[in-house]
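Here the structure comes first, spelled out in structure tokens, and everything after it is commentary.
The values are calculated or read from the model by the stated rules, or taken from the named source; none is laboratory data. Values in this document were obtained by computation on a predicted structure and should not be read as measured data. Here Cβ is always computed from backbone atoms with ideal geometry, including for glycine, and neighbour counts include all displayed protein chains.
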Amino acid sequence: MTGYLSFVLKRVVQLIGVIAAGVSASFFITHLSPINPVDQAVDRITARSGFRPDAIAELRAALTELYGTDEPLLVQFASFWGRLLQGDLGPSLIAFPTPAMDLVMRALPWTACLLVVTVLITWVVGNLLGGLAGYYQNNRFLKAFGIVTMGLQPVPYYIVAFILLIIFGFLWPVLPISGGFAMNVRMGWSWEFAFSVLQHAILPATSLVLVGIGTWFLGMRALVSNVVTEDYVTYAELAGVRPGRIVRSYVLRNAMIPQLTGLAMSLGGIFSGTVITEEVFNYPGLGSLLIDAVNGGDYGLVLAVSSVSIAAVGVAILVVDLLYPVLDPRVKAE
Amino acid sequence: MSEDLLTVQGLQAYYQMNYFGVRREVRAVEDITMSVRRNEVYGIAGESSSGKTSFIKVLAAAIRPPLRIIEGSVRYNFDGLSVDVAQAGKAQIEAIRWRHLSYIMQGSMSVLNPVRRIGRIFEDYASRPLELTGEALRERVVAHLGRLKLGPEVLSAYPHELSGGMRQRVTIGLATVCHPQFIIADEPTTALDVVVQKEVLGLIREIQQEMGSSVVFVTHDMSVHANIADRVGIIYAGRLVEEGPTRQMFFAPKHPYTAHLVASLPRIGDTMQRPALEGRPPNLAEPPSGCRFNPRCPLAVDKCRQEAPPLETVAPDHRTACWRWRDVAPLVQPAVKLWERA
Amino acid sequence: MFAVLRDLIRYNIEFAVGLVLVGIIVLYACLSFFSPVDPTQIYLSIPDQPPSAQYWFGTNSRGQDMFWNLSFAFRNTLIFGLIVAAISRVISITVGLLSGYLGGWVDRVLMFINDIFVAVPSFPVLVLFYFVLRSGLNTYSLAAVMAVLGWAYDARLIRSVTLSLKHREFTLHARYSGMSTPKILLQEHLPYVMPIIFATAMANMIWSIGMEVTLAVLGFTNINIPTVGTTLYWANNHSAMVVGTWWWLVIPVVLIVITFIGLFLLAVSLNEYIDPRSRLRRMGA
């Protein structure tokens, strides 16, 4: 047990390092640019409607104080971390004066739910089918499935989402193609709301599953066709161990281990895919928020979204990593 | 003869492959006739790619395409149960597998599923043939492990938590837990260091004698045969070329190939260089005509190149397939008492 | 090298198909060198013409001949992918070889950095870059940024191969005979890593081109440079689907999907070539 504890501790320290580095990087990317966020924000706001000069000056002063752009970079950096740890990154511009963090926290559950559900479905189904395809190499259905996923897998998230949008938005409009729930349903704990959320999640989730499933299917198929040549599988087959037992506890169980590492390593990429899919289907998650923030020139909100998403992905990776020793008893010994 | 545990009659097993429409045939096992008695250790020797691996695959009823049995029979006579591997259906094979016919594989380190506890592995292997589950099965396994000097605590361990020697015992235990009458040991000592090798040999011998089972022991290492086998059969290019009691095979081989194998064994105090056998083992896809050993044989004459010699009895219990078996004696190096090392 | 290529084409149907698909796209992109029209000019042809003998891929609402316009777009997109792949290969080879061969604290530091790049989602970071650079984000600066984001996974792969090479006999021989570390890495280890580099380069191009398309579609790149992504951006911008100029969307999507599948098949078959176990399975039973 102490082995596992030190493993957990090591991972947590690593996670903190990764998040700190990622968030700092986003800070410096945004702050080392020659563009002054205050000017940019002022330009954007004043471009829309006529403002009196003194109001503009007032706005500029307020924003300068808010962003602290007149201070040295390192001081800004320190105060950025201070505010981030308190969960306060100032008000958003696009939904002024709602705090940026509030917007992020409102969007986070949508993205988190979409991501968790689709990743689970994709990983479990993809690995199961891929594993069976690797073991029963002559099965017609699994062969066909392999060819289809091979065609789908390299296509980027955006294209798949877009094709679904065209099919279900224009050619055969049976599913809602936009939003997180229907406009006429009140948000709350009701069956109606839950049904509406599910209905709206079908297309974004489907496009994420369609793209993602191929990676696991093809990966697992390749892994299994290597595992079946291992001595412990050959020997169990020779000994007449029940085929079902061999597939489950000998083949899939062993091939699953590298796939779990694969999951941890690909969560960042999957998150990127979610961002895009959300935008296509106008889903009210972090992705849509990020893109709105960029389009609205909302400096604080952009930083808030990227910081929170880096942290969220980091935590998700940690959770997957912590499952690893449960699957592989050899890790504990180290 | 009916009391022999295993009788192989005129066995031919080929690999038949199909590369993009081109048929290829590898004659891995060509007309082998032999038998294994009750309670004996029968050693099979031969170079790699001599067909010995294919032969024991047939014996172990582990025939998978592209390997096919073309002709012949492989009949086991277990107590009250007679099965011909060449004819038997899946169910018949399942009925003898592990219960009567067991297998020890090379590389005991890798035959144990790394993510499964030893106890569960024993359950997987022994539950069906023994028709036992739960506590009854556990008792049986613990008793058997005790015989191998392993405590019951290994059952809750993962393979990587055991030492190399313990894993060897576990593997042998796994193969013998059902008290099989016939055990095929496929190079179980290859790639082990000499000390462990000796321990494993001792263990297999011990278990074999205790249970009165028969063992077919396969290795290319003649000195191992000297230590463990009662009789030895030599396979060359898919054929059984000589078979006889171990002692005679070493002192009075009747086939030039056996003579070469014995001669190339190292001896204490001997610094003489030994001539290597010329040429390479024949390609089994296009074997040479006549005796398959003729291109490398120092005694080869025209007859050897034209006609394959039959396996004939030349002494009690001793058979050889050579036209010139009477002339082999001068090739034999001064006798050595190899097995006295045992 | 050529013998390997010939064998791959002859015995590996996936490689052959991939090569044909990618070949078609590359040829098409090369046609842009002979284009009679300037792709940045608009309203040179009659807008909204469906595909016909005169306009093979139709014309768009901005009065551009889609056949030549897309040819330029594919040239830019492929060049973009190649630049990203080349730069990121250099980074991942350097990091992978050094980390695997030197080990110790160098390995730990490099792998910590590597962990960050693996864990941080690249899309939000790219959006950040667009946010600060705006239209300063052209093909080359975007390629540089993507290369910096896209090396981590492959560096890890190269590291693990180098780790296994490190303890092989020939490395020890080289070291005992006084070969310097850079020489060992470049002359002894790099050839082993080469096939991996080719296979991962294809996968990397799929990733970078996909990202470029995505960014461009959202309008997060310089939309005046014709690429596959900006083509889709303009199509969306003019509501091509609603207006009925479907060819403006469908043709680029079909072509880019062909590109992706082609590159993917090349990557998969090269991977199979690298792992001889799967190659043997293909030949046997």
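List of remarks:
- A count restricted to the range A:165-177 and to residues that are more than 10 Å from every other protein chain (Cβ to nearest Cβ) and surrounded by 13 or more Cβ atoms within 10 Å (Cβ to Cβ) stands at 5.
- Positions within the range B:67-92 being among the acidic types (D, E) and assigned to a strand (DSSP E or B), in sequence order: B:E71, B:D84
- Within the range B:14-27, the residues that satisfy the criterion of being in a strand (DSSP E or B) and out of contact with any strand residue (DSSP E or B) (no Cβ under 6 Å at 6 or more places or on another chain) are B:N18, B:Y19, B:V22, B:R23.
- Options B:R64, B:R38; residue that is more than 15 Å from the chain's Cα centre (by Cα), closer than 18 Å to A:L238 by Cβ, in a loop (DSSP other than H, G, I, E, B) and of a type outside the set (A, V, I, L, M, F, W, C): B:R64
- Filtering the range A:247-268 to residues that are buried (at least 19 other Cβ atoms within 10 Å of the Cβ), under 20 Å from C:F117 (Cβ atoms) and within 9 Å of another protein chain (Cβ to nearest Cβ) leaves A:A264, A:S266, A:L267, A:G268.
- Residue in the range B:109-122 that is among the polar types (S, T, N, Q) and either within 30 Å of B:G80 (Cα to Cα) or within 12 Å of another protein chain (Cβ to nearest Cβ) (or both) present: yes
- Flag if C:T259 is within 26 Å of A:T149 (Cα to Cα) and not small (G, A, S): yes
For every residue, the table says whether it meets (1) part of a helix (DSSP H, G or I); (2) more than 14 Å from chain C (Cβ to nearest Cβ); (3) at pLDDT below 85.
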residue	(1), (2), (3)
A:T69	no, no, yes
A:A78	yes, yes, no
A:A107	yes, no, no
A:G146	yes, no, no
A:I163	yes, no, no
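- Against the test of being in contact with a Gly (Cβ under 9 Å, 6 or more places away or on another chain) and more than 27 Å from C:A240 (Cα to Cα), the options C:L19, C:L5 yield a single qualifying residue, C:L19.
- Matching residues, the range A:169-213, being among the aliphatic types (A, V, I, L, M), modelled with pLDDT of 85 or more and under 28 Å from A:I147 (Cα atoms): A:A201, A:I202, A:L203, A:A205, A:L208, A:V209, A:L210, A:V211, A:I213
- Total residues in the range A:7-20, condition surrounded by fewer than 18 Cβ atoms within 10 Å (Cβ to Cβ) and closer than 16 Å to A:F77 by Cα: 1
- The criterion of being touching a Pro at 6+ places or on another chain (Cβ under 9 Å), more than 8 Å from every other protein chain (Cβ to nearest Cβ) and of a type outside the set (V, I, T) does not hold for A:F271.
- Complete set of residues in the range C:116-148 that are closer than 21 Å to C:V193 by Cα and either part of a loop (DSSP other than H, G, I, E, B) or within 12 Å of another protein chain (Cβ to nearest Cβ) (or both): C:V118, C:V148
- Unmet requirement for A:G179, which otherwise passes all of (1) at negative phi; (2) outside any helix (DSSP H, G or I): (1)
- Any hit, the range B:93-111, residues being in a helix (DSSP H, G or I) and among the basic types (K, R): no
- In the range A:47-67, the residue that is modelled with the lowest pLDDT out of those that are surrounded by 15 or more Cβ atoms within 10 Å (Cβ to Cβ) and under 18 Å from A:V294 (Cα atoms) is A:Y67.
- Residues of the range A:284-334 satisfying the condition of being more than 11 Å from chain C (Cβ to nearest Cβ) and not in a helix (DSSP H, G or I): A:P284, A:G285, A:D328, A:P329, A:E334
- Elements of type helices (runs of 4 or more DSSP H) in the range C:164-252, at least 3 residues being over 30 Å from A:I276 (Cβ atoms): C:169-176, C:190-217
- When residues of the range B:85-106 are limited to those that are surrounded by 15 or more Cβ atoms within 10 Å (Cβ to Cβ) and of a type in the set (D, E, K, R), the one nearest to the other protein chains (Cβ to nearest Cβ): B:R97
- Subset of the range C:221-251 [crowded, with 24+ Cβ neighbours inside 10 Å and within 13 Å of chain A (Cβ to nearest Cβ)]: C:T221, C:V228, C:G229, C:T231, C:L232, C:A235, C:W248
- For the range A:214-227, the criterion of a residue being of a type in the set (A, V, I, L, M, F, W, C) and under 19 Å from the mean Cα position of the chain (by Cα) is satisfied by at least one position.
- Pairing each residue of the range B:297-323 that is at positive phi with any residue that is at pLDDT 90 or above and surrounded by fewer than 18 Cβ atoms within 10 Å (Cβ to Cβ), provided the two are 6+ apart or on different chains, yields C-beta distances under 7 Å for B:D317/B:P245.
- Qualifying residue in the range B:79-90 (condition: of a type outside the set (A, V, I, L, M, F, W, C), touching a residue at least 40 places away in the same chain (Cβ under 8 Å) and in contact with a Leu (Cβ under 6 Å, 6 or more places away or on another chain)): no
- Unmet requirement for B:L277, which otherwise passes all of (1) of a type outside the set (S, T, Y); (2) modelled with pLDDT of 85 or more; (3) over 20 Å from the mean Cα position of the chain (by Cα): (2)
- Leading residue by the ranking (surrounded by the most Cβ atoms within 10 Å (Cβ to Cβ)) among those in the range B:209-247 that are part of a loop (DSSP other than H, G, I, E, B) and on the phi < 0 side of the Ramachandran plot: B:A229
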